[in-house]
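Q: Right, I'll just put the structure down here and ask away after.
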Amino acid sequence: MGIAIIAGTRPEILKLAPVFRSLKKTALEPVWIATGQHGDLAKQALDAVDITPAFTLSGGWDPCSLTNLSAGLLYQLGRWIEKHHPRAVLVQGDTATAYSGALAAHLNKVPVGHVEAGLRSGDTNNPFPEESFRRLIAPIADFHFAPTRLAEKNLRLDGVRPRQIWVTGNTIIDTVLDMADHVSAPAILDQVKPGERIILLTAHRRESWGEGIAGICRAALELIRLHRDIRIIFPAHSNPRVRETVEAMLGATDRIHVIAPLAYPEFIAVLKASHLVLSDSGGVQEEAPSFDVPVLVLRETTERQEAIDAGVAKLVGTDPAVIVREASILLTQAHAHGRMASRKNPFGDGKASQRITGILARKLPAGKELRQAS
Ligand code: UDP
């Protein structure tokens, strides 16, 4: 058994797909394990990256209970690892799947590689539970693939040994650059009139459920009222806690389109066509600078300070007055928009997966244990 790649949510799938493809070119024999943490969103993402999982967990947990979900994932991933004995396990980011996969591997003395290691907001309630999951993975991972120098620094501050950290870039840049020439325009773009500017809106974070999402919706309504030449496209997360608020507040508004989650090639087509992004998504913040689209981050804290420092994103929170003020500056002041749009993407160069593969190929020589090799 080669390297098990464990993924269950849309961002994990999009970010591990290029690593899987790159590893397939080597003798490391990657095996894709789908946990099913995200149902339809995961299927849509797997189709977009053209991956058929070798194994899919049976599920049966309650996705609304973090303890039930984490325990179910740990149990089923643990059983799979005990049966198949992979040479190593790769997990990505900060989900219940990533944490349970890392712990299940660690408890079975299987080496753990953590892709997108070292992101820190400094607040375990923001984003919740992601900040906790990624912090909990750090002490049990053997390979820490940090996307940036800042992530490397965070890991060192957590006591991770420098020789177990590699700065690789973020693998989402590999995915987005690969997709950039294969986008497929969704029907919603046909409704955009000549001269109109698109604002792409996404919001799904757990800590924003309720009041936060309501504030974001109020901002969208005010922006539409103030700016006659904008159209807001909101592919709303399938989570019922998000959809209920969004559909109730924005459902029937002229020039606001609340639509189902878009397939990745369609989402990137809308992103490329957008003037501005309002989002609380991590992945979208990383992708937008590749297309020179400024991002206003709908969160109180960030673990992607690189985007703020590079000037490609600005942290605005969920207070409608602040969102409207900052978005209006970018909609009315060309130089302010131009300044954010002209900066380089700080998250990578599209070669992160190659680097990760090279490191694993060096550190996991045939037939030897990582712990001996590293
Ligand atoms: N995405 C997508 N379709 C959509 C919305 C987002 O394919 O309708 C992609 C987006 O390009 C990004 C990823 O999903 O790569 C982000 O996922 P999400 O916002 O759910 O998670 P996060 O990145 O915040 O962990």
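Q: Inspect all residues belonging to the range 274-290 and state whether any of them is more than 11 Å from the ligand (Cβ to nearest atom), over 12 Å from ILE199 (Cα atoms), of a type outside the set (Gly, Ala, Ser) and assigned to a helix (DSSP H, G or I).
A: The answer is yes, given that some residue of the range 274-290 is more than 11 Å from the ligand (Cβ to nearest atom), over 12 Å from ILE199 (Cα atoms), of a type outside the set (Gly, Ala, Ser) and assigned to a helix (DSSP H, G or I).
A quick yes/no check of all residues on (1) assigned to a helix (DSSP H, G or I); (2) over 25 Å from the mean Cα position of the chain (by Cα):
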| residue | (1), (2) |
| --- | --- |
| CYS217 | yes, no |
| LEU223 | yes, yes |
| ILE232 | no, no |
| SER238 | no, no |
| ARG243 | yes, no |
| VAL246 | yes, no |
| MET249 | yes, yes |
| ASP254 | no, yes |
| VAL258 | no, no |
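Q: Another one. Among the residues that make up the range 299-309, is at least one of them modelled with pLDDT of 95 or more and either more than 30 Å from GLU152 (Cβ to Cβ) or over 19 Å from the mean Cα position of the chain (by Cα) (or both)?
A: For the range 299-309, residues modelled with pLDDT of 95 or more and either more than 30 Å from GLU152 (Cβ to Cβ) or over 19 Å from the mean Cα position of the chain (by Cα) (or both): present.
Q: So, in the range 299-320, exactly how many residues are more than 11 Å from the ligand (Cβ to nearest atom) and either in contact (Cβ under 8 Å) with a residue 60 or more places away in the chain or among the basic types (Lys, Arg) (or both)? First the steps, then the outcome.
A: Here is the first cut: in the range 299-320, the ones more than 11 Å from the ligand (Cβ to nearest atom) are 300-302, 305-320.
Filter once more, keeping what is either in contact (Cβ under 8 Å) with a residue 60 or more places away in the chain or among the basic types (Lys, Arg) (or both): 300-302, 305-306, 314, 318-320.
Residues meeting the conditions: 9.
Q: Got at least one residue in the range 132-150 being under 23 Å from LEU14 (Cβ atoms), in contact with a Pro (Cβ under 7 Å, 6 or more places away or on another chain), touching a residue at least 60 places away in the same chain (Cβ under 8 Å) and of a type in the set (D, E, K, R)?
A: Checked against the condition, which is being under 23 Å from LEU14 (Cβ atoms), in contact with a Pro (Cβ under 7 Å, 6 or more places away or on another chain), touching a residue at least 60 places away in the same chain (Cβ under 8 Å) and of a type in the set (D, E, K, R), the range 132-150 yields no hits at all.
Q: Identify the single condition in (1) within 11 Å of the ligand (Cβ to nearest atom); (2) in a helix (DSSP H, G or I) that ASP190 does not satisfy, given that it satisfies every other one.
A: Of (1) within 11 Å of the ligand (Cβ to nearest atom); (2) in a helix (DSSP H, G or I), only one is false for ASP190: (1).
Q: Also, I was wondering about something else. Is it the case that GLN92 is under 21 Å from ILE359 (Cβ atoms) and touching a Ser or Thr at 6+ places or on another chain (Cβ under 9 Å)?
A: yes
Q: While we're here: Kindly indicate whether any position in the range 86-96 is modelled with pLDDT of 95 or more and out of contact with any helix residue (DSSP H, G or I) (no Cβ under 7 Å at 6 or more places or on another chain).
A: Among the residues of the range 86-96, at least one is modelled with pLDDT of 95 or more and out of contact with any helix residue (DSSP H, G or I) (no Cβ under 7 Å at 6 or more places or on another chain), which makes the answer yes.
Q: Of all residues being away from the ligand (no atom under 14 Å from the Cβ) and closer than 13 Å to LEU278 by Cα in the range 199-215, which is nearest to the chain's Cα centre (by Cα)? Just the residue, please.
A: ILE199
Q: Can you list the helices (runs of 4 or more DSSP H) lying wholly within the range 293-342 that have 2 or more residues being acidic (Asp, Glu)? Give the derivation first.
A: Working: elements: 305-310, 320-332, 334-341.
Filter on the range 293-342 gives 305-310.
To keep it simple, each residue is scored yes or no on (1) of a type in the set (S, T, N, Q); (2) within 20 Å of ASP40 (Cβ to Cβ); (3) away from the ligand (no atom under 16 Å from the Cβ); (4) in contact with a His (Cβ under 8 Å, 6 or more places away or on another chain).
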{"position": "LEU226", "(1), (2), (3), (4)": "no, no, yes, no"}
{"position": "ASP229", "(1), (2), (3), (4)": "no, no, yes, no"}
{"position": "ILE233", "(1), (2), (3), (4)": "no, yes, no, yes"}
{"position": "ARG241", "(1), (2), (3), (4)": "no, yes, no, no"}
{"position": "MET249", "(1), (2), (3), (4)": "no, no, yes, no"}
{"position": "ARG255", "(1), (2), (3), (4)": "no, no, yes, no"}
{"position": "VAL258", "(1), (2), (3), (4)": "no, yes, no, no"}
{"position": "PRO261", "(1), (2), (3), (4)": "no, yes, no, yes"}
{"position": "TYR264", "(1), (2), (3), (4)": "no, yes, no, no"}
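Q: Right, here's the next one. Condition test on ALA269, is it touching a residue at least 60 places away in the same chain (Cβ under 8 Å), buried (at least 20 other Cβ atoms within 10 Å of the Cβ), within 12 Å of the ligand (Cβ to nearest atom) and outside any loop (DSSP other than H, G, I, E, B)?
A: yes
Q: So which helices (runs of 4 or more DSSP H) are wholly in the range 1-98 and hold at least 2 residues that are away from the ligand (no atom under 16 Å from the Cβ) and β-branched (Val, Ile, Thr)?
A: By residue number, 66-84.
Q: Under 7 Å by Cβ, and 6 or more places apart or on different chains, what pairs join a residue from the range 241-261 that is within 20 Å of ALA187 (Cβ to Cβ) with one that is in a loop (DSSP other than H, G, I, E, B) and away from the ligand (no atom under 12 Å from the Cβ)?
A: Listed pairs, sorted by first residue: VAL258/GLY251.
The values are calculated or read from the model by the stated rules, or taken from the named source; none is laboratory data. Source: prediction; values computed, not measured. Heads up, the Cβs are rebuilt from the backbone with ideal geometry, glycines too, and the neighbour counts pull from every protein chain shown.
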